[in-house]
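Below: the structure, in structure tokens.
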Amino acid sequence: MLNYKKKRKKMGTQGKKLSVYVILSCFIFLFDSCSVYQTFQNISRLKFKLGEVNGFIVDGVSISNKSGLQDFSAMDILKLTAGVANRRLPVSFIVNVNALNPDDGKGGYPGTDATLKSFPWRLMIDDKETIAGNISSAVSVPGTGEAVVIPIKIEMDLFKYFQDKGYQGLLDLALKIGGQNKDPLKIKLAARPTVSSLLGDITYPKEIVLVQTEYK
């Protein structure tokens, strides 16, 4: 009988230890789950918008400081005319994408740095889809509340997509994208970012269309 009481007492002590262990384990699990969930929420709040278009060059001719045909030299006009006559108008420019991490630590949780692992994009000019690409390497977006600028190099043949506009129309379009008096609505970027996190890679559920006027 004495041994039976000792066994029951021992089992009761072990049961209490097990209960404490289970409670602590559940608490740690819930804490970690909340932390991971919060990290997921923070990272998924990354916002993007288009920045400036820089360094626009049309068939070797810079147009960044030009607003109309009167700003081109006779040699420039001759070169561009010959290019269109040969059914080609190569252009190159930089589209800057601003990536903003609003998780700056002011919401009660430590600021979370994010790594933009992939950024497949489609370029739309004058609401027409043209070329597509991706970033060449991962980009770190610190949790500071400040935007990180991601330069995307664009090289394409404008004539291929807008030959129906003719010489003057092509030149006007180029000037509205990269000239002195840019039209911010002439260029958009559709992208579907993938961000690294504690849960693994998180890919946005659908594409976001980036413009210069607001963060998405």
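Which one of these does SER136 not meet: (1) without any contact (Cβ under 8 Å) to a residue 60 or more places away in the chain; (2) surrounded by 17 or more Cβ atoms within 10 Å (Cβ to Cβ); (3) not in a strand (DSSP E or B)?
(2)
Among (1) touching a Leu at 6+ places or on another chain (Cβ under 8 Å); (2) at pLDDT 50 or above; (3) among the β-branched types (Val, Ile, Thr), there is one condition VAL36 misses while meeting the rest; what is its number?
Unmet condition: (2).
Working only within segment 69-88, note down all residues that are assigned to a helix (DSSP H, G or I), loosely packed, with under 12 Cβ neighbours inside 10 Å and of a type in the set (Gly, Ala, Ser).
Our first condition is that a residue be assigned to a helix (DSSP H, G or I); within segment 69-88, this holds for 69-71, 74-85.
From the residues that got through so far, the ones that are loosely packed, with under 12 Cβ neighbours inside 10 Å too are 70, 74-75, 78, 82, 85.
Listed by number, the residues that qualify are ALA74, ALA82, ALA85.
Please verify whether segment 61-68 includes one or more residues that are in a strand (DSSP E or B) and either at pLDDT 95 or above or surrounded by fewer than 17 Cβ atoms within 10 Å (Cβ to Cβ) (or both).
The initial filter retains those residues of segment 61-68 that are in a strand (DSSP E or B), namely 61-62.
Adding the requirement that they be either at pLDDT 95 or above or surrounded by fewer than 17 Cβ atoms within 10 Å (Cβ to Cβ) (or both) leaves 61-62.
Yes, there is a match, as at least one residue in segment 61-68 is in a strand (DSSP E or B) and either at pLDDT 95 or above or surrounded by fewer than 17 Cβ atoms within 10 Å (Cβ to Cβ) (or both).
Please go through segment 96-126 and give me each residue that is out of contact with any Asp or Glu (no Cβ under 6 Å at 6 or more places or on another chain), modelled with pLDDT under 95 and either at positive phi or not in a strand (DSSP E or B) (or both), ordered by number.
Across segment 96-126, the qualifying residues are ASN101, PRO102, ASP103, ASP104, GLY105, LYS106, GLY107, GLY108, TYR109, PRO110, ASP113.
The values are calculated or read from the model by the stated rules, or taken from the named source; none is laboratory data. Bear in mind the structure is a predicted one, so any value in this text is a computation, not a measurement. Cβ sites come from the backbone with ideal geometry, for glycine too, and all protein chains shown count toward neighbours.
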